[in-house]
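Here's the structure, in structure tokens; my notes come after.
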């Protein structure tokens, strides 16, 4: 009898590169197609997460973008309204290891067309400024005034004591751009840091892992430490994501929340993107079992009318009577998570607002 021992040579692609290769293939080839703006958005987001966390997917994984990279100049000339998406994708591809210098050419073309001056939003103009700077091209316009307006917006903490997801996301993105995604100190003042805490408290009360991930990342970039309760909750939520594959799965899913939760994991030094991915169409879903006390809390406060107070200590008993046990549990956790909770609640209560409009 002869014993035959079969040796399996080790794969040259490590497990992380294999996972990221499947993930990038999914976003580039299987979820959206053609010149769909949602294709641009999704791929810009996944590549941005990898680039700003220093996660190299490997040459084989980037190959899925070779056809896009070869034709991107033609696409951007025809769709200049999407220039920030095009620049973001191309700059990230090059900085992740794809050979070529298309990024600088596209930046200079966008600058020649003065595309940032077509933006009405300061936030979009700030993003363009950051993208151009990656290839050493200054944006025209009064950048000092732009910076001042952004910082004035961030310092108005009362804005972020009220449910307003648009404002909260704009706050986090301003920190991303000012910090160059963690590469420099954004020099936030105490008021801006308080704004991040207020927005984070609302996101935690809403159990919104998407927004809370971005807020915690922004706090890290600002040199602040997010409350441990928030980071621990995000770690659990990230682990609870499910991934479903198949050519017919619906991609109206929670992909963005999945990306930013894993971004948060990488920022905190934990393993990111550790699910089993396949080279096929995939959808990403978060856990649906979340208590969300925000609506209960808002209705209870509104119905108090003149009895409403901005003093949390006196209002706590009203909340205990009005909220479900699950909602009150989340609110109690939020109370203990941040030293800014009582200041936040005072703004949330709106008890000081004039009773009559003149």
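The values are calculated or read from the model by the stated rules, or taken from the named source; none is laboratory data. Quick caveat, the model's predicted, so the values are computed rather than measured. Backbone-built Cβ (ideal geometry, glycine too); neighbour counts: all protein chains shown.
Brief remarks follow.
- Residues of the stretch 209-242 satisfying the condition of being touching a helix residue (DSSP H, G or I) at 6+ places or on another chain (Cβ under 8 Å) and outside any helix (DSSP H, G or I): 222, 224, 225, 226, 227, 241
- The helices (runs of 4 or more DSSP H) located wholly in the stretch 21-127 that include 2 or more residues which are over 22 Å from the mean Cα position of the chain (by Cα) occupy 59-62, 66-78, 102-112.
- Only listed residue being more than 24 Å from residue 227 (Cβ to Cβ), in contact with a strand residue (DSSP E or B) (Cβ under 8 Å, 6 or more places away or on another chain) and not in a loop (DSSP other than H, G, I, E, B), chosen from 302, 284: 284
- Restricting 182, 136 to residues that are within 18 Å of residue 212 (Cβ to Cβ), modelled with pLDDT of 95 or more and not in a helix (DSSP H, G or I) narrows the list to 182.
- If you check 129, 159 for being crowded, with 17+ Cβ neighbours inside 10 Å, over 20 Å from residue 72 (Cβ atoms) and not assigned by TED's automatic domain parsing to the domain that holds residue 177, only one passes: 129.
- Residues that are without any contact (Cβ under 8 Å) to a residue 40 or more places away in the chain and closer than 10 Å to residue 297 by Cβ were ranked within the stretch 316-344; the one that is surrounded by the fewest Cβ atoms within 10 Å (Cβ to Cβ) is 322.
- Within the stretch 257-274, the set of residues being farther than 20 Å from residue 200 by Cβ and touching a residue at least 40 places away in the same chain (Cβ under 8 Å) comprises 272, 273, 274.
- Residue 254, sole failed condition from (1) under 20 Å from residue 207 (Cα atoms); (2) buried (at least 19 other Cβ atoms within 10 Å of the Cβ): (2)
- Test set (1) at positive phi; (2) touching a residue at least 40 places away in the same chain (Cβ under 8 Å) - residue 246 fails condition number: (2)
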